[in-house]
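Every read-out reported here was derived from the displayed coordinates using simple, explicitly stated rules and does not represent laboratory data. Nothing here was measured: the structure is a model prediction, and the numbers come from that model. Please note: Cβ atoms are built from the backbone with ideal geometry, for glycine as well, and neighbour counts cover all protein chains shown.
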Amino acid sequence: MTEPRRIVVKSVPQPTCWHAVPSVPLTDETLRIRKARVLERMARLSLDALVVYADKEHGANFEYLTGFIPRFEEALLVLHSDGEAALVLGNENLKLAAHARLANRVVHAPWFSLPNQPMTTTASLPDTLRLAGLEGKQRIGIAGWKLFTSEHDDNGRLFDLPSFILDSLRSAVSPECALINVTGVFISPASGARITNNANELAHYEYGANLASTAILTALNAIEPGKTEKQIGALLAADGQANNVIMIAATGERFAGANLYPGDKMIQRGDKFSLTTSYKGGLSSRAAYVVENETELAPQVADYLDVVAIPYYRAVVGWLEHLRVGITGGEIYQLIETLLPKSEYHWHLNPGHLVADEEWMCSPIMSDSVIPLASGMLLQIDIIPSRAGYAGASIEDTVALADAALRAQLASDYPAVWARIVARREYIQRYLGIRLSEDVLPFSNTVGYLRPWLLDKTRALRCEA
């Protein structure tokens, strides 16, 4: 580990943000590659078919191949080992099958529809599932959205599908057919099809990371005593895009009355404040105090900078400076344990994880992980310190890892995306004093940018030699 450097609060320019950035659509070639990657992993497991579950909150594995989620219904994708696909859809998603990015035939399952909608069918759900081609199969994989650890997976027989669907699947196949949880086909942090991205996918996801971080900085700059959470929260909605987490604009104590959403609470000087927004490809989050400087803090938290903000920032700097292709998840975990001891700062989740269409896909960063971080991974900085009585500190943002070949491809195919990445790297290294490996591509505009005093828009933490 490199020699720790001094962390200071200093005048620094705010990072550049990009507005009205065009989306980058996924190409037909990317969708072809995605299907081939899944079929290859199915073959390794000797699967005759793969059943992929989806609903609004858990549709990313389904969307990876089809290009859409089933919104307010459930859905199944049945992918056969020969590449044939069937979509099992409720009433209001039938029309989407024709627009899917995957050639398919449709099986109508009104059980997946909203309450009291027409259920005009004489077939049972098991019979309907047989129409998707499951009859006669010997080995079927089921992909939900959870990875169960070895001591909790019941030998691959623990599933996270609704019971009415799982029971019907069991009834649709012969007693000899093996049903196996294979969610790892998509999201195993060591071998899942979705854990790395090509240049087209990276450019596609950079749009969301840029969007979230631009919204966060806009909202940070609008925070003032007398404004309401709703007024700040309104700035976190961007380009009409759907959030993939519940946005946060919370002043003072969070969760009062079990409320999760921005409300009418008025910001007061000295409040804690939390902000979060996230779109496909990236989340940005901030937590600090609504003050001009430390003299405005309550006496019991007057040492917040030294007790929370600076130790946290040092850990984030270490995370960013050690990140590179080939480092293991366990090495990153141990680095954070050394810089920000869990026993003192009470973080308990993975200090960093992979993102894609969902905010948290999986994480190779675990205490004993030997999984090497790979080119094409999208990672979220996600270290959450907790000291009793103090506000938190947070600068969650998204970076990509890319080797020389992938960087060259991204620069060649998506020069505007690459120009933003280069500008972000220059800002981080020049103004924040953070040294980045060439492998690290900042996708959020605010990577490394922490203002401990939210009413002072000119100063932020930075590293000094």
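Listing for the model above:
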| item | result |
| --- | --- |
| Most to least packed among 20-28, 433-441 [average Cβ atoms within 10 Å] | 433-441, 20-28 |
| D_trans [Stokes-Einstein, Kirkwood Rh over alpha-carbon pairs] for the range 203-262, 10 °C, 1.306 mPa s, µm² s⁻¹ | 127 |
| 5 angstrom amide H check on Val107, placed H, neighbours 5+ away | Leu87, Val88, Leu89 |
| Partner lysines for Lys230 [C-alpha distance under 24 Å; skip if fewer than 8 residues away on the same chain] | Lys265, Lys272, Lys280, Lys457 |
| Between helix 199-222 and the chain: long-axis angle, C-alpha atoms, 0 to 90°, nearest 10 | 40 |
| Per-residue [θ]222 nm for the chain (sum of -39500 (n - 2.57) over DSSP H runs n ≥ 4, rounded to 500) | -8000 deg cm²/dmol |
| Cα coordinate range in the range 48-181, projected on the principal axes (Å, largest first) | 40, 32, 29 |
| Spread of Cα-to-Cα distances over 10 Å intervals beginning at zero, given as percent, for the range 142-277 | 10, 25, 20, 24, 16, 4, 1 |
| Among Ile336, Thr120, Ser444 the positive-end extreme of the charge dipole of the chain (Cβ point charges) | Ser444 |
| Angle in degrees between helix 310-322 and the longest Cα principal axis of the chain, rounded to the nearest 10 | 50 |
| Stokes-Einstein translational diffusion, the range 1-121 - Kirkwood Rh over all Cα pairs, 1.306 mPa s, 10 °C, in µm²/s | 92 |
| nm² value of the averaged projected area, convex hull over the Cα atoms of the chain | 22.9 |
| Relative contact order %, the range 48-181, counting alpha carbon pairs below 8 Å whose residues are six or more apart | 24 |
| Most to least packed among 71-81, 29-39 [average Cβ atoms within 10 Å] | 71-81, 29-39 |
| Rounded to 5, the percent of DSSP beta bridges in the chain classed as antiparallel | 75 |
| Candidate aspartates and glutamates for bridging to Lys227, where Cα separation is under 18 Å - those fewer than 8 sequence places away on the same chain excluded | Glu253, Asp264, Asp271, Glu292, Asp456 |
| Using alpha-carbon coordinates, inclination of helix 404-413 to the longest axis of the chain, degrees | 80 |
